[in-house]
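The structure under discussion appears below in the form of structure tokens.
The values are calculated or read from the model by the stated rules, or taken from the named source; none is laboratory data. For clarity, every value in this text was computed on a predicted model and none was experimentally measured. In this analysis, Cβ positions are derived from the backbone assuming ideal geometry, glycine residues included, and neighbour counts consider all displayed protein chains. When the accessible area is computed, the model is the full protein with side chains, heavy atoms only, and any ligands, DNA or RNA have been set aside. Shrake-Rupley method; radii C 1.70, N 1.55, O 1.52, S 1.80 Å.
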Amino acid sequence: MEANGLGSQGFPELKNDTFLRAAWGEDTDYTPVWCMRQAGRYLPEFRETRAAQDFFSTCRSPEACCELTLQPLRRFPLDAAIIFSDILVVPQALGMEVTMVPGKGPSFPEPLREERDLERLRDPATVASELGYVFQAITLTRQRLAGRVPLIGFAGAPWTLMTYMIEGGSSSTMAQAKRWLYQKPQASHQLLRILTDALVPYLVGQVAAGAQALQLFESHAGHLGPQLFSKFALPYIRDVAKRVKAKLQEAGLAPVPMIIFAKDGHFALEELAQAGYEVVGLDWTVAPEKAWRRSDGWC
């Protein structure tokens, strides 16, 4: 610890690194616990804070995001915090309008329908500059955590973001997005590359801002079978990890553990274990001991 109690980035020295050590595969005295939806509607203080403004206005307020991130830690002895934000800030930064409709969820008034619609998207290289409010929230939260636990940053994976941008919101079938994969494979890959190009600097920017781990959410993996997943999701999941790690090194930033969580993607556990991430998240349908065996004891 440095004499002033600050780490090398000027943040308070970390007091509980159990989560990070576990993520790096090191032995720990106990199994660290954190919740992906730590800031949520189960907390009355969350509802009170959120009532003051609409969802995405909250996401754009570093103060509000910091407060919502810290609220669960005041109640529970968790081993990590995850920044309050949303995966759909990336499509917003690419120029798409997204609103959060009460009782319905996210809504895109003008979803992508044809290949030419890709021309509406902004240059992915500009996305990180559009999302400065996320970086500000991370830095503020890291300071106010005062080293209590590590802070996790996150983003949605390319396929999952693509589904929202084409479906126009939530869907039980992803029929429109999957139609693109079958009928517009070149345009699908073009869109997935755009999203990957946007995600890499965004995730690197989160680390520069103070995130100590990163999670990529492939929330809609279960809508793809093994073949489509291997063709349209897995290559981009791998590319994100590879490029983020390279960019962190180029920028002189210390490496951080990366987590891939592919919901209902049990059919791809072996591939995900070799995709370049330190941690593979499991959903409730997968027995951890079986996942361990399937990945040759890697996870």
Just to check your reading of the model, which residue among D296, D283 is touching a strand residue (DSSP E or B) at 6+ places or on another chain (Cβ under 9 Å) and surrounded by fewer than 16 Cβ atoms within 10 Å (Cβ to Cβ)? D283
Can you tell me which of S172, S129 is over 17 Å from the mean Cα position of the chain (by Cα), modelled with pLDDT under 95 and either surrounded by fewer than 16 Cβ atoms within 10 Å (Cβ to Cβ) or not in a helix (DSSP H, G or I) (or both)? S172
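If I ask for residues that are free of Cβ contacts under 8 Å to residues at least 60 places away in the same chain, within 18 Å of the chain's Cα centre (by Cα) and open to solvent by 30 Å² or more (accessible area, probe 1.4 Å), which ones from the range 58-91 would you list? Full working, then the answer.
First, the residues of the range 58-91 that are free of Cβ contacts under 8 Å to residues at least 60 places away in the same chain: 58, 64, 67-68, 71-72, 74-77, 84, 86, 89.
From the residues that got through so far, the ones that are within 18 Å of the chain's Cα centre (by Cα) too are 58, 68, 84, 86, 89.
Scanning the range 58-91 gives a single hit, D86.
Can you give me the number of residues within the range 245-276 that are closer than 19 Å to G210 by Cα and either of a type in the set (S, T, N, Q) or part of a loop (DSSP other than H, G, I, E, B) (or both)? Outline the logic, then answer.
Taking the range 245-276 and keeping what is closer than 19 Å to G210 by Cα, we get 245-259.
Cutting the leftovers down to either of a type in the set (S, T, N, Q) or part of a loop (DSSP other than H, G, I, E, B) (or both) gives us 249, 251-257.
Of the residues in that region, 8 qualify.
Counting only residues that are closer than 23 Å to A137 by Cα and open to solvent by 10 Å² or more (accessible area, probe 1.4 Å), how many does the range 175-208 have?
5
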Yes or no: the range 151-165 includes at least one residue that is in a helix (DSSP H, G or I), touching an Asp or Glu at 6+ places or on another chain (Cβ under 6 Å), open to solvent by 10 Å² or more (accessible area, probe 1.4 Å) and modelled with pLDDT of 95 or more. no
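Give R148, R142 a once-over and let me know the one that is within 21 Å of the chain's Cα centre (by Cα) and among the basic types (K, R).
Working: R148 fails: within 21 Å of the chain's Cα centre (by Cα).
Checking each option against the conditions leaves just R142.
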All positions within the range 11-55 that are surrounded by 13 or more Cβ atoms within 10 Å (Cβ to Cβ), modelled with pLDDT of 95 or more, of a type outside the set (D, E, K, R) and out of contact with any strand residue (DSSP E or B) (no Cβ under 6 Å at 6 or more places or on another chain): F11, P12, L14, N16, T18, F19, L20, A22, W24, T28, P32
